[in-house]
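In what follows, a single structure is set out as structure tokens and then discussed.
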Amino acid sequence: MTGEGAGSTGEVSLATAYRTHTCGELRASDVGRAVALSGWVNRRRDMGQLIFIDLRDRHGLTQVVIDAAESPEAHDMATAVRNEFVLRVEGVVAKRLAGTENAKLATGDIEVRAKSVTVLSSAKTPPFPINETDNADETLRLKYRYLDLRREQINHRLVLRSKLLKALSEVHHANGFVEVETPILIKSTPEGARDFIVPSRLQPGNIYALPQSPQQLKQLLMVAGFDRYYQIAHCMRDEDMRADRGPEFTQLDIEMSFVSQEDVMSFVERMIIEVSRQVVPDRPIRAVPFPRFAYREAIDRYGSDKPDIRFGMELHDLGEVVAGSDFGVFNSVLADGGRVVGMAAPGLGGASRSEIADLTEIAKRAGAKGLVHLSVGDEGITSPVLKFIGESRAQQIAETVGAGPGDLVLIVADADIHAQEALGDVRVELGHRLNLIEDPNELSYLWVYSFPMYKWDADNNRWDATHNPFSGVNPEDESLLVTTSGDPAKPSPGDPAGQARALQHDIVLNGWELGGGSIRIHRHDLLARSFALQGHGQEAAQAKFGAVLDAFEYGAPPHGGIALGIDRWIALLTNQENIREVQAFPKTGSGTDLMLGAPSPVEIPQLTELGLALAPPRTKSEPKPAS
């Protein structure tokens, strides 16, 4: 729809009974046009004879001038208005006087000379300034989120989020995907995090669970013959909030039939490239095609299964170099089958004792017992452990990690994987501190694949899936899905299953896991074997996953997919470090909705109707219930 109300921008008209144009629409070509605008008072400046009001809506700002000589009644009305009042202004578009233009505004060449001003709604003084970019206290922002959402920066992020969802819908429909909505009330199943549960009034004593993901449902859609499914799915997990996750999140959910892992990864990569270029065309993609790393390579080179490769500072194995030294820590770790890994921190050779202590604390928080350091200078190497490793070996260490004069060598010795991950955390911190990322605007997508199929759960004496219980196994490793004892119900940490590789694939963006997926097990017999290794006997597996097991007896196609975190994606596209900054109504770190006051105490009649009673809160000294 176009026409007079569309102005000179050529956009779809948003004219209504209250406005002919938005506050971001008018241009110099509209000079002389009679218009009506509606919006909030962003700023008011009273110069006596003239009152200037910056009128704001989500589309932009327009300067309104109320001249007492031209419109005395409008001037009288404008005298009483304050910031955040909602106004309707009628007037004529005029060109601003030479020298008063505002190049920062799309409407900066014009102003509206008001003929009438109508107050549609008055406003109290907000608890924090709406028209300033500085962040207010987050508690206040979340309590008054409807005010926070008026602010330009967060408004922009949510508009971009909408653009992302639109692009995702278009690209999937164009590629033959069917959008299917799956239910919110489902069965509770063990999928890695605690479920939020919903009691059933009609079936007292029974519960629904809110979906952690539509995992089983999308696989059942593949059995049903929908060979390409997608959904923008709302998911809930009762877990502690971190910067990149919370109790509620939105994901792009995809599943495809008759596909290999390469088919899935190739489509997802093309989709991500297309969507990224539509939504943020000004942000270059670092490498196309996306780099690919086997899990083991990512861990050994970067100390992470979600590596940020926008800077170097790679890890190096120092086992052969330090073997046989007089340093007991290195020797004991290597004797136990652990790893000694190191890296060079450029230009930090003169780091102070407090700076070293700070880096050591980062390594310890990641599980390391400590952090060894060597300072490389023009005249040699200095280190608290130099007397144990010797100057010759210290020089070999520096050469191995690529350290030169002025650099600092950092070393962690610990169990395999733990050592790399601890030093990897230090690497990421230093990458940001030292500003090693050459182009922060760059989008660095990459794949990590070939993850371990399982990890040993010593507390419950079973193998846990590293991804989800349905992940497929590399065909070469199918024979490994057995126990040493020969009894699937008696797994042990020495089982061949511990060496199996999953057909799992994660997509990473700028050091964040953007999404993960896999080719699924589609054979009933193999899925039952995998469930047994994970501690789910035949009866338990049937009780927890019966729908999928039953469906697989009626002809299941090979299938696989992925789920991408929408909140994480838009956070990264808008350079935010916390997903709360891209969610309309987020919870606090403790899961509280400060605006609505949720969660709130339950009413006794509600409990009675559900046949429930509240147990007394567990004290800190009481053990957690068994999983």
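Rule-based calculations on the coordinates, nothing more; no lab input. Owing to the predicted nature of the structure, the values given are computational and were not obtained by experimental measurement. Don't worry about glycine lacking a Cβ; one is built from the backbone with ideal geometry, like all the others, and counts go over all protein chains shown.
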Sequence ranges 71-78, 383-390, ranked by mean other-Cβ count within 10 angstrom, highest first: 71-78, 383-390
Work out, in µm²/s and without decimals, the Stokes-Einstein translational diffusion coefficient of segment 72-231 at 4 °C, 1.567 mPa s, Rh from Kirkwood over C-alpha pairs. 59
Can you bin segment 96-146 into rounded, prolate or oblate? Criterion: square roots of the alpha carbon gyration tensor eigenvalues sorted a ≥ b ≥ c, rounded for a/c under 1.5, prolate for a/b above b/c, oblate for the rest. oblate
Of the listed peptides 96-102, 491-497, what is their order by residue-averaged count of other C-beta atoms within 10 Å, with the highest listed first? 491-497, 96-102
Along the positive direction of the dipole of the chain (beta-carbon charges: Lys, Arg +1; Asp, Glu -1; about the Cα centre), which of A551, G472, S485 reaches farthest? A551
Positive-end residue, segment 1-159 charge dipole about Cα centroid, Cβ charges, pick of Y18, G32, L140: L140
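Equivalent ellipsoid semi-axes for the chain, as square roots of 5 times the alpha carbon gyration tensor eigenvalues: give them largest first, rounded to whole Å. Each step should come with its number before you reach the end.
On the way: eigenvalues 535, 253, 119 Å².
Ellipsoid half-lengths, sorted descending, are 52, 36, 24 Å.
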Restricting to Cα pairs below 8 Å that are 6+ residues apart, what does the relative contact order work out to for segment 515-619? Please round to a whole percent. 23
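Only helices at least 20 Å long along their axis, Cα-based, and averaging -1.0 or more on Kyte-Doolittle count here, so list those DSSP H runs from the chain.
On the way: long enough: 152-174 (33 Å, -0.28); 261-279 (27 Å, 0.04); 418-433 (23 Å, -0.66).
Correct list, ordered by number: 152-174, 261-279, 418-433.
Over the chain, what is the relative contact order in percent, taking alpha-carbon pairs closer than 8 angstrom and at least six residues apart?
Values: 1220 pairs, mean separation 77.3, N = 627.
Rounded, it is 12 percent for the chain.
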I'd like the GluC sites (Glu not before Pro) in segment 532-593 restricted to DSSP loop residues with at most 11 other Cβ atoms within 10 Å, sorted by number. E577
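Determine the dipole magnitude for segment 315-426: charges of +1 sit on the beta-carbon of Lys and Arg, -1 on that of Asp and Glu, nothing else is charged, the reference point is the Cα centre, and the result goes in debye to the nearest 20.
Details: 7 positive and 16 negative charges, 53 e Å.
Its charge dipole is roughly 260 debye.
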Any idea what the dipole of the chain comes to, in debye rounded to 20, about its Cα centre with Lys/Arg Cβ at +1 and Asp/Glu Cβ at -1? 1560
Relative contact order, percent, segment 289-341 [alpha-carbon distance under 8 Å, six or more residues apart]: 26
Neighbour cut-off at most 11 other Cβ (10 Å), DSSP loop, GluC sites (Glu not before Pro), segment 121-159: E132
For peptides 215-222, 591-598, sequence by mean Cβ density within 10 Å, most packed first: 215-222, 591-598
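Nearest 5 percent is fine: what portion of the DSSP beta bridges confined to the chain is antiparallel? Please list the in-between numbers first.
Working: 94 of 102 bridges.
Beta bridges within the chain, antiparallel portion: roughly 90 percent.
Counting helices only, and only those DSSP H runs with n ≥ 4, report the 222 nm mean residue ellipticity of the chain as the sum of -39,500 (n - 2.57) divided by its residues, in deg cm²/dmol to the nearest 500.
About -8000 deg cm²/dmol.
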Please name whichever of A357, P346, Q396 sits farthest to the positive end of the charge dipole of segment 330-416, dipole taken about the Cα centre and charges placed at Cβ: Lys and Arg +1, Asp and Glu -1. A357
Using only the Cα atoms of segment 479-627, build the gyration tensor, take square roots of its eigenvalues as a ≥ b ≥ c, and label the shape rounded, prolate or oblate: rounded if a/c is under 1.5, else prolate if a/b is larger than b/c, else oblate. oblate
Give, rounded to the nearest 20 debye, the magnitude of the charge dipole that segment 446-602 has about its Cα centre when Lys and Arg contribute +1 at Cβ and Asp and Glu contribute -1 at Cβ. 120
